[in-house]
1. I want to confirm something. Restricting to region 44-67 and keeping residues that are in contact with a Ser or Thr (Cβ under 6 Å, 6 or more places away or on another chain) and at pLDDT below 90, which single residue is farthest from Asp443 (Cα to Cα)?
2. Taking Val451 as meeting all but one of (1) buried (at least 19 other Cβ atoms within 10 Å of the Cβ); (2) at pLDDT below 95, write down the number of the exception.
3. Taking region 414-428 as the search range and keeping residues that are in contact with a helix residue (DSSP H, G or I) (Cβ under 8 Å, 6 or more places away or on another chain) and closer than 17 Å to Arg452 by Cβ, which one is surrounded by the fewest Cβ atoms within 10 Å (Cβ to Cβ)?
4. Looking at Val41, is it touching a strand residue (DSSP E or B) at 6+ places or on another chain (Cβ under 6 Å), over 30 Å from Val197 (Cβ atoms) and either modelled with pLDDT of 75 or more or surrounded by 17 or more Cβ atoms within 10 Å (Cβ to Cβ) (or both)?
5. Would it be correct to say that Val109 is closer than 25 Å to Tyr459 by Cβ, at pLDDT 95 or above and of a type in the set (A, V, I, L, M)?
6. Of the residues that make up region 263-281, is at least one surrounded by fewer than 16 Cβ atoms within 10 Å (Cβ to Cβ), of a type outside the set (Val, Ile, Thr) and within 21 Å of Cys189 (Cβ to Cβ)?
7. Against the condition farther than 25 Å from Val77 by Cα, modelled with pLDDT of 95 or more and in contact with a helix residue (DSSP H, G or I) (Cβ under 7 Å, 6 or more places away or on another chain), how does Ala224 come out, does it pass?
8. Could you list all residues from region 68-102 that are modelled with pLDDT of 95 or more and polar (S, T, N, Q)?
Amino acid sequence: MGPVVLLLWLSACGGSSAPPSAPAPGSGDSALPRDLPEGFVFGAATAGFQVDMGCPDVTGPHADGCLDPASDWYAWVTDPTITGTDRLHVTGEPLTVGPGMWSLFEDDVARMQADGMTGYRMSLEWSRLFPGAAAEAATTVDELAPHADPAAVARYHEMFAALRAAGIEPIVTVSHYTLPTWVHDGVGCHLDPDACVADGWVTGERIVPLIALYAGFVGREFGAEVDTWFTLNEPYATTLAGYVQPGEDRSAPPGLSLDFARAVSVAQHQIEGHAAMADALRAEDTIDASGDGTAVTIGLVMNMVAFEPADPTKEVDVLGAEHADYLYHQLYFDAVTTGAWDDDVDGIPDRTRADLAGRLDVIGINYYNRALVSGTGISLSQDLPLLDFLPAFSWDPYPEGLGVVIRRASTWGLPIWVTENGTPHVEDDGTEILEGHLRAMVDAMDEGADVRGYLYWSYIDNYEWNHGMDLRFGLYTYDEQTKERQPRAVLERYREIMATGRLD
């Protein structure tokens, strides 16, 4: 993840077009079209922090590098000052319970190939490639390269080679939540945010050039194997769970509550970070790995929510739903497509920034749920003058919502990937929910949406951030001791769909 059900207290004024207030009716046709776009990709997705650790053989060839203790998230889920805090809801389960894909990757790729997958989304871990703070002294990719951990670099090359050999396109997230501890001391910033120097996304003049340089390195190093890059995963989730409302659903480092000033800074710096990463990737990745004529495609993954007014007859709720859509979706996509920059996050662009415009080639959608939005009619914070809505999120399956968010994303006129889609109800209703989501996707495609691929979340049960192993989403489950994989019923159905292109 993945998935984030966030208790939102932020808002901003709606800008251009408002979101649909209700899903468009489905066609009722149970068949996927046989004329899917050429190269349409079916596959699965994971994140490195969630699946790499937990290697079964402590003497195996990759065992020494299995754990990744240099990230802010590793510290977050293992530090006793965090795991012992009820308010943050961190289970504290050891990361050794994970599926261990760092050492078992080739076996898993063989399963993906046998299942019929043609794409796999994974993340690179900045903390694996550059675990030491000495990397901060670099100002060019040439200066940065000697600081890279050679074993991690070699292992990622092996992973990409395995995917390519199996005919599976690697779709790579450059930063999926985690940051090295020398970039972000999440625990220290939680304990004393005003004294924290390694404050992650808070200080833009520090992190933006750092993450751009890191992106340039991976573009140069892995460009011969990767063409499709997503810079950040769900940046708004980091903002909310880290600075506004950490809680039972998701707490993220540094776990500050109602710190709206830092939240605004973090959101804006992530927009600037994406643009800088896009420039670096385009400059350094000049090799067309797949032979399709395009060396690099840049995307941004957003957790898109199907917002609906709690009472569509109440103007305050309708306006609140528009504001929620603006802050969750439009603020980011407008900035990196047209350069619209909203200084005070009030929904009215203050200027156009050429250094942000045109920095997006494809939109990544993570979809899990809808939210019924109640407007408050008044601002809840001076830092955000239009903080005027409260959404009620639900984990109840709502497959139609995938069509809603695909239609919304289509208003930016770019191709779309469904980069994550799944359910924690996978054991009980996984097959029915999968089919419902795919029907909604096809309905939107029939109306003109340019969807290039669908990636199920998740390939395998994983360490679900602060929840540990409490939430299960995988096409595969596994034995936490032996790491033996077992397919779920939903995978059998997904195999049929991938092979035949039909739901009936």
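The values are calculated or read from the model by the stated rules, or taken from the named source; none is laboratory data. None of these values were measured; they are calculated from a predicted model. FYI the Cβ positions are ideal-geometry reconstructions off the backbone, even for glycines, and counts take in every protein chain you see.
1. Within region 44-67, the match that is farthest from Asp443 (Cα to Cα) is Gly60.
2. (2)
3. Per the criteria, the residue is Leu414.
4. Taking the combined requirement at face value, the residue satisfies it.
5. On the way: closer than 25 Å to Tyr459 by Cβ: yes; at pLDDT 95 or above: yes; of a type in the set (A, V, I, L, M): yes.
Criteria met by Val109.
6. No, every residue in region 263-281 fails to be surrounded by fewer than 16 Cβ atoms within 10 Å (Cβ to Cβ), of a type outside the set (Val, Ile, Thr) and within 21 Å of Cys189 (Cβ to Cβ).
7. Values: farther than 25 Å from Val77 by Cα: yes; modelled with pLDDT of 95 or more: yes; in contact with a helix residue (DSSP H, G or I) (Cβ under 7 Å, 6 or more places away or on another chain): no.
Spelling it out, it is not the case that Ala224 is farther than 25 Å from Val77 by Cα, modelled with pLDDT of 95 or more and in contact with a helix residue (DSSP H, G or I) (Cβ under 7 Å, 6 or more places away or on another chain).
8. Matches in region 68-102: Ser71, Thr78.
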